[in-house]
Amino acid sequence: MLNGDDRKYPDPREEDIYAGDRRISRPDVSLPDWEVPDTAYRPIPIVWFTGAFMVQLIAITVFLFALASQEPWLTVVMSALATGAIGKWTWDRGMGTAGLGWRSATVIMLVFNMMFAVSASHIF
């Protein structure tokens, strides 16, 4: 009994404790659910793949809108240079040590998007 109050307080070693709809304590961990312990960043191949896809998509779109109407060949050259730089950046970030499937998918995606830029620029 606390200060004349006979409410039962949950024991954090025995059951979950909630504050509204938020769990603030669980018996199997010592931290609240919103507290993230210090950990090391461990990037994964899908992050590298998605990053390469998004950066290439933006770069090629900018080149197509900015250059395709005046200089289609320049669009292809700039897209090829951007694709090479993005590929190197992705490999340096860690894709070079990823599994064969991720490396293959990344190369196929970069080449496919580059071919899209070539076809969309109406050079051939």
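All of the numbers you see were taken from the coordinates with simple rules; none came from a lab. Remember, predicted model here, so these are calculated numbers, not experimental data. With ideal geometry, Cβ positions are generated from the backbone for all residues, glycine too; neighbour counts draw on all protein chains shown.
To the nearest 0.05, how large is the calculated FRET efficiency for VAL107 and VAL62 if R₀ is 25 Å and r is the Cβ-Cβ distance? Once the sixth-power term is evaluated, E becomes 0.65. Computed extension length for LEU100-GLU71: 6.7 nm, one decimal, from 0.36 nm per residue of separation with the Cα-Cα distance subtracted.
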